[in-house]
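Data first, discussion second: the structure below is written as C-alpha cells.
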Amino acid sequence: MSFILDDVIGGVLYFSKKTLFTGDPKVIHETFYELRDRYPLMQSLLAFTKNSVYPFSKQLEETLNTLQICRIIGMENPDFERYQIKSGGKKFIGKDIIPLFDKNQLKQIKEMAKVFDKKCGQKGRAFQS
Amino acid sequence: MTKNVVKKEELSSRKEFEDRINDWVTVQLPPDLKQYKVKDRKVIHDSVWGSHVFQKHEIAVLDTPIIQRLRRISQTGLVYLTFPSATHTRFEHTLGVCNLVSRFVRTLNDRRPFNKGIIDCSTDKGEYAEMKMAAILHDCGHSFFSHASEDVYKWHPVMQEFLIDDHFAHCKPHEIISHYIVKSKRFRDFFDNCINKEYKAEINLDVVAEMIIGRHPDEKKTFQAEIINGPFDADKLDYIFRDSFFFGITLTMDTERLFYTLELDEESFDRPYLIVRSPVPLEQILFSKMMLYTSIYHHQKVRASESMLKGLCEYIKHNNLKVSGRTLEHPVDFLYLTDEQVLNPNASDDKTFKRLVNNILDRVLLHRGVVICKDTVNNFEDCFEYKLVKLSRSSPNDLLKLRSDIFYAMKEKDCILQEILIDIPQLPSLREAAQTYTSVSLEQTPELINKIFPVDGWLRAYGSRKWRGHVFCPESMQKEVDKAARKVLGKMNIKVNDRSPLYCHMN
C-alpha cells in the first residue's frame with residue numbers, strides 16, 4: 001500500500017527528537033504550511049485555506065484526530081495544551097510506517113522533523129506512557 | 001511557490017466536470033422552462049426559526065427545479081430509520097439558513113450608527129442580496145441522502161483533485177458542486193434573463209459562487225462569505241438546531257446570546273473579522289455538535305443503514321446497473337437522483353438490487369458482526385486502529401480488499417459481498433475552536449476559543465474514548481463474520497477477543 005498524509009506526519013513524529021509538541025493549532029498549521037511549500041512529498045497531500053487568520057488545513061486536522069484516536073499521540077489532561085508522542089506510537093511507526101518510504105522520501109521527512117522540532121517541539125516530562 | 005500548478009490532466013477532467021454540470025443544469029432549467037412571474041414578496045414559516053420574508057426574485061429561485069428537488073433529499077440521510085422524526089429535508093434547512101443570514105446581517109448592522117451599516121441591505125442588489133442568494137443556493141449540489149451519497153462520490157479522482165486545491169481547501173464535495181452549478185453557463189443565462197432582468201435585481205453570481213465556498217473576491221469582505229461558509233456560519237447553526245429539534249435531543253444553545261455578542265472587529269487583524277465577545281455560546285455550540293455526533297451520527301444503527309446505502313451504490317457500480325435511467329460513474333451522475341428515485345425497487349430490474357433496496361425500505365438493517373475498540377482487541381497497545389483507519393482514509397478499494405478477504409474466509413455465505421461492510425468513523429471536524437476569535441472584555445485582544453478554553457482537546461479525547469469500528473453483516477451471518485473477521489484481522493495483528501460478540505449482542 002502506498003503512503004498517505006497520516007504516514008508522512010507519523011514519520012515526522014518518529015524522527016522528532018522531542019516527546020512533547022505544542023497543542024496550539026496556529027503553530028502546527030503554520031509549520032506544516034511552510035513544510036508543504038518546501039518539500040515535494042507534502043505538496044499533493046495538503047491544501048490550506050488562507051481565509052482564516054492563519055493558514056488552515058482540513059487534512060492536517062483530520063490527521064491529528066486520527067493519530068489521537070490511534071493513540072500514537074495524546075493530549076495532557078486537564079489542560080490539553082500539549083501533545084505527547086507516545087512510546088508505543090513511535091514503536092508502531094518505526095515498524096509499520098517507516099518501511100513505506102524510500103531513501104529520498106525519508107531524507108525529506110528527517111529534514112521536516114528538524115523544522116517541526118524547532119517550531120512545535122516543547123520541553124518537559126512525558127505525561128503518559 | 002505556494003500551491004499547486006494544476007496539471008494538464010487535471011484541467012481536462014475539470015473541464016469535463018464543468019461540462020457535465022452544465023448539462024445537468026440544462027436538464028433542470030431547459031430553455032423553454034415556464035416560470036410564472038412572482039408578483040409579491042412571500043412570508044414562509046419555519047418550525048425552528050419562525051417566519052421570514054423572501055423577496056420576489058428569491059422566491060423565483062426557490063421555485064426552480066434545482067431548489068425544489070431539495071424537498072426530496074433527506075437532510076440527515078437515513079437517520080430517520082433510527083430516529084423516526086428525523087424526516088426534515090434539505091429544503092427546510094435552506095430556508096433556515098436564509099433566515100439566519102438575515103439575522104447575522106441585522107445584528108452586525110445594528111451595532112453601527114443609523115444609516116451607516118456594515119453591510120449594504122438593499123434587498124435586490126449588493127452585499128445582502130448576494131448573501132441571501134448564496135444561502136439559497138449553498139446546498140443545491142447535494143444529491144440523494146445528502147452526506148451518505150457524498151461519502152461515495154468524494155472518492156472519484158476529480159473530487160480528490162479539488163480537495164487538495166487551496167482554492168477549495170476546506171470545502172466539502174457538495175459545496176464544490178454547488179459552486180460550479182452557480183458558475184455554469186446555463187445557470188448564468190437563466191439567472192441573467194429570468195431573475196436579474198425580470199425582477200430588476202443586480203446580483204453578481206461570481207460573488208455568490210465564491211461565497212458558497214467561503215471566499216469573497218474582495219478580501220476585506222471575506223467575513224460576509226464566512227456567514228455562509230465559515231467556522232460559525234448560518235449553515236452550522238441551522239443544522240445543529242434543526243437536527244437536534246427533529247431528533248428529539250435536547251441541547252442547550254443560547255443563540256440569543258450569540259447574536260448579542262457578535263461583532264465585526266476591524267482593528268485587530270489584517271482584514272475585518274467576525275468575533276463573538278463571549279466564549280459561552282460558542283462552547284455550547286461545540287458541545288452540542290459533539291453530542292450530535294456521539295448520540296446520533298455515530299450511532300451504530302445509523303452507521304449500519306448508511307453502510308447499506310454505500311453497499312447499494314457499490315453494487316450498482318460494479319454491475320453497471322442503471323437506476324431510474326442513470327449510472328453512478330461520475331459525481332455529477334449522483335445529482336440526477338433524489339432519495340425516492342434510488343430507494344425505488346422498480347428503479348432497476350435486477351433482483352439483488354430490489355432485495356437490497358427493500359431491506360432499507362423495510363428496515364431490515366445489518367447487524368454488528370465485529371466491534372473494534374480498545375475493549376474488544378487484546379493488543380490495544382499496538383495502535384491497531386491505525387491500520388483500519390488508514391484503509392478507510394486511503395481509498396474504498398483498500399477497504400474492499402479487506403471486506404473481500406473476510407467474505408471469502410466465511411464458510412457459509414448467505415449474502416453478497418455488498419452486505420459485508422466495514423465502518424471506520426472519523427471524529428468530527430472541530431476547526432471552529434481553532435479558527436474563531438473571542439474575548440471576555442472589550443479591552444482584551446481577541447483570542448482563539450481554544451486558547452481561552454481548549455474545547456477541542458476535551459472533545460477529541462471524549463470522541464476517541466467512544467470510538468468504535470464495525471464490521472456489519474446480515475443478522476444470520478453474525479457468527480460466520482465474527483469467525484472470518486477474527487482470522488483476517490488476526491493476520492493484520494489485530495487480535496479481536498471474546499468481548500466483541502457481547503458488544504454485538506450475539507448469543
Check your understanding: Restricted to the range B:458-490, and to residues that are in contact with an Asp or Glu (Cβ under 8 Å, 6 or more places away or on another chain), more than 30 Å from residue A:61 (Cβ to Cβ) and not in a strand (DSSP E or B), which residue is most open to solvent (accessible area, probe 1.4 Å)?
Key -> B:476
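Based on what the data block shows, is residue A:19 open to solvent by less than 10 Å² (accessible area, probe 1.4 Å), among the polar types (S, T, N, Q) and either within 27 Å of residue B:382 (Cβ to Cβ) or out of contact with any Ser or Thr (no Cβ under 6 Å at 6 or more places or on another chain) (or both)?
Working: open to solvent by less than 10 Å² (accessible area, probe 1.4 Å): no; among the polar types (S, T, N, Q): yes; either within 27 Å of residue B:382 (Cβ to Cβ) or out of contact with any Ser or Thr (no Cβ under 6 Å at 6 or more places or on another chain) (or both): yes.
No; evaluated as a whole, the condition is false for this residue.
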Exercise for review: Please give the number of the condition residue A:51 fails out of (1) open to solvent by less than 20 Å² (accessible area, probe 1.4 Å); (2) under 30 Å from residue B:227 (Cβ atoms).
Suggested key: (1)
**Study point:** Filtered residues of the range B:351-374 (kept if among the charged types (D, E, K, R), more than 14 Å from chain A (Cβ to nearest Cβ) and not in a helix (DSSP H, G or I))
**Key:** B:362, B:363, B:368
Exercise for review: Could you figure out which of (1) crowded, with 18+ Cβ neighbours inside 10 Å; (2) over 24 Å from residue B:90 (Cβ atoms) isn't true of residue B:226?
Suggested key: (2)
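Just checking, does the range B:389-398 include any residue being open to solvent by less than 40 Å² (accessible area, probe 1.4 Å), modelled with pLDDT under 95, touching a Lys or Arg at 6+ places or on another chain (Cβ under 9 Å) and within 14 Å of chain A (Cβ to nearest Cβ)? Please lay out each step first, then the result.
Of the residues in the range B:389-398, the ones open to solvent by less than 40 Å² (accessible area, probe 1.4 Å) are B:389-392, B:394-395.
After this cut, where a residue has to be modelled with pLDDT under 95 as well, the list is B:389-392, B:394-395.
In the following step, the residues that additionally are touching a Lys or Arg at 6+ places or on another chain (Cβ under 9 Å) were identified as B:391.
With the extra rule that they be within 14 Å of chain A (Cβ to nearest Cβ), the set shrinks to B:391.
Yes - at least one qualifying residue is present in the range B:389-398.
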Exercise for review: Tell me which residues, restricted to the range B:196-211, are open to solvent by less than 20 Å² (accessible area, probe 1.4 Å) and assigned to a helix (DSSP H, G or I).
Suggested key: B:205, B:207, B:208, B:209, B:211
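Tell me which residues, restricted to the range B:230-256, are under 20 Å from residue B:277 (Cα atoms) and either open to solvent by less than 40 Å² (accessible area, probe 1.4 Å) or within 14 Å of chain A (Cβ to nearest Cβ) (or both). Outline the logic, then answer.
Within the range B:230-256, the first condition is being under 20 Å from residue B:277 (Cα atoms), and the residues that meet it are B:230-234, B:236-237, B:252-256.
Of everything in the range B:230-256, those that are under 20 Å from residue B:277 (Cα atoms) and either open to solvent by less than 40 Å² (accessible area, probe 1.4 Å) or within 14 Å of chain A (Cβ to nearest Cβ) (or both) turn out to be B:230, B:231, B:232, B:233, B:234, B:236, B:237, B:253, B:255.
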Revision key, fill the gap. Conditions (1) in contact with a helix residue (DSSP H, G or I) (Cβ under 6 Å, 6 or more places away or on another chain); (2) more than 29 Å from residue B:447 (Cα to Cα); (3) in a helix (DSSP H, G or I) -> residue A:32 fails only (2)
**Study point:** Residue in the range B:452-461 that is of a type in the set (A, V, I, L, M, F, W, C), more than 30 Å from residue A:95 (Cβ to Cβ) and touching a Cys at 6+ places or on another chain (Cβ under 7 Å) present
**Key:** no
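Hey, any hits in the range B:75-89 for a residue that's under 15 Å from the mean Cα position of the chain (by Cα) and surrounded by fewer than 23 Cβ atoms within 10 Å (Cβ to Cβ)? Give the steps one after another, and end with the answer.
Going through the range B:75-89, the residues under 15 Å from the mean Cα position of the chain (by Cα) turn out to be B:75-79, B:88-89.
Remaining after also requiring surrounded by fewer than 23 Cβ atoms within 10 Å (Cβ to Cβ): B:88-89.
Yes, the range B:75-89 contains at least one residue that is under 15 Å from the mean Cα position of the chain (by Cα) and surrounded by fewer than 23 Cβ atoms within 10 Å (Cβ to Cβ).
Tell me which residues, restricted to the range B:258-268, are part of a helix (DSSP H, G or I) and surrounded by fewer than 16 Cβ atoms within 10 Å (Cβ to Cβ). Walk me through it before giving the result.
Here is the first cut: in the range B:258-268, the ones part of a helix (DSSP H, G or I) are B:258-260.
Hit for the range B:258-268 is B:260, nothing else.
I need a count of the residues in the range A:56-67 that are part of a helix (DSSP H, G or I) and either open to solvent by less than 10 Å² (accessible area, probe 1.4 Å) or facing chain B (nearest Cβ under 7 Å) (or both). Give the derivation first.
The initial filter retains those residues of the range A:56-67 that are part of a helix (DSSP H, G or I), namely A:58-67.
Those still in the list that are either open to solvent by less than 10 Å² (accessible area, probe 1.4 Å) or facing chain B (nearest Cβ under 7 Å) (or both) too: A:58, A:60-63, A:65-67.
Number of matching residues: 8.
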Check your understanding: When you scan the range B:349-365, how many residues do you find that are touching a helix residue (DSSP H, G or I) at 6+ places or on another chain (Cβ under 9 Å) and open to solvent by 10 Å² or more (accessible area, probe 1.4 Å)?
Key -> 11
Exercise for review: Give the range B:418-429 a look and list any residue that's hydrophobic (A, V, I, L, M, F, W, C) and facing chain A (nearest Cβ under 8 Å), or say none.
Suggested key: B:427
Point to revise | Test set (1) within 14 Å of chain A (Cβ to nearest Cβ); (2) in a helix (DSSP H, G or I); (3) open to solvent by less than 20 Å² (accessible area, probe 1.4 Å) - residue B:214 fails condition number | key: (2)
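From the list A:53, A:12, A:27, A:8, which residue is β-branched (Val, Ile, Thr) and at the interface with chain B (Cβ under 8 Å from one of its Cβ atoms)? Break it down into steps so the answer makes sense when it comes.
On the way: A:12 fails: at the interface with chain B (Cβ under 8 Å from one of its Cβ atoms); A:27 fails: at the interface with chain B (Cβ under 8 Å from one of its Cβ atoms); A:8 fails: at the interface with chain B (Cβ under 8 Å from one of its Cβ atoms).
Criteria check complete, one pass: A:53.
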Point to revise | Cβ pairs under 6 Å, 6+ apart, first in the range A:34-47 and within 12 Å of another protein chain (Cβ to nearest Cβ), second charged (D, E, K, R) and assigned to a helix (DSSP H, G or I) | key: A:42/A:36; A:46/A:36; A:47/B:166
Review point. Inside the range B:294-309, can you point out the residues that are modelled with pLDDT of 90 or more and within 14 Å of another protein chain (Cβ to nearest Cβ)?
Key: B:298
Exercise for review: Can you tell me which residue within the range B:442-457, out of those that are touching a residue at least 60 places away in the same chain (Cβ under 8 Å) and open to solvent by 10 Å² or more (accessible area, probe 1.4 Å), is farthest from the other protein chains (Cβ to nearest Cβ)?
Suggested key: B:442
Point to revise | Tabulated pairs, the range B:48-64, first over 26 Å from residue B:256 (Cβ atoms), second assigned to a helix (DSSP H, G or I), C-beta under 6 angstrom, 6+ apart or interchain | key: B:57/B:195; B:60/B:195; B:61/B:136
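Restricting attention to the range B:464-490, and to residues there that are more than 24 Å from residue B:308 (Cβ to Cβ) and within 14 Å of another protein chain (Cβ to nearest Cβ), which single residue is nearest to the chain's Cα centre (by Cα)? It would help to see each step written out before you state the result.
Within the range B:464-490, the subset more than 24 Å from residue B:308 (Cβ to Cβ) is B:464-465, B:487, B:490.
Checking the rest, the ones that are also within 14 Å of another protein chain (Cβ to nearest Cβ) come to B:464-465.
Details: B:464: 21, B:465: 24 Å.
Of everything passing the filter in the range B:464-490, B:464 is nearest to the chain's Cα centre (by Cα).
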Revision key, fill the gap. Log entry, pairs with first residue in the range A:85-111 being more than 9 Å from chain B (Cβ to nearest Cβ) and open to solvent by less than 40 Å² (accessible area, probe 1.4 Å), second being in a loop (DSSP other than H, G, I, E, B) and not acidic (Asp, Glu), beta carbons closer than 6 Å, six or more apart or on different chains, reads A:85/A:19; A:108/A:39
Exercise for review: Looking only at the range B:177-195, count how many residues are polar (S, T, N, Q) and either in contact (Cβ under 8 Å) with a residue 40 or more places away in the chain or closer than 13 Å to residue B:209 by Cβ (or both).
Suggested key: 2
Check your understanding: Can you tell me which residues in the range B:135-170 are aliphatic (A, V, I, L, M), open to solvent by less than 10 Å² (accessible area, probe 1.4 Å), farther than 30 Å from residue B:52 by Cβ and out of contact with any strand residue (DSSP E or B) (no Cβ under 7 Å at 6 or more places or on another chain)?
Key -> B:158, B:159
Review point. Can you find even one residue in the range B:419-439 that is open to solvent by 20 Å² or more (accessible area, probe 1.4 Å) and more than 22 Å from residue B:384 (Cα to Cα)?
Key: yes
Point to revise | Residue within the range B:399-417 that is within 23 Å of the chain's Cα centre (by Cα), touching a residue at least 12 places away in the same chain (Cβ under 8 Å) and open to solvent by 10 Å² or more (accessible area, probe 1.4 Å) present | key: yes
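The values are calculated or read from the model by the stated rules, or taken from the named source; none is laboratory data. Predicted, not measured: the structure shown is a model, and the values here were computed from it. Every residue, glycine among them, receives a Cβ derived from its backbone with ideal geometry; neighbour counts consider all protein chains shown. All accessible areas refer to the heavy atoms of the entire protein, side chains included, with ligands and DNA or RNA removed. Shrake-Rupley method; radii C 1.70, N 1.55, O 1.52, S 1.80 Å.
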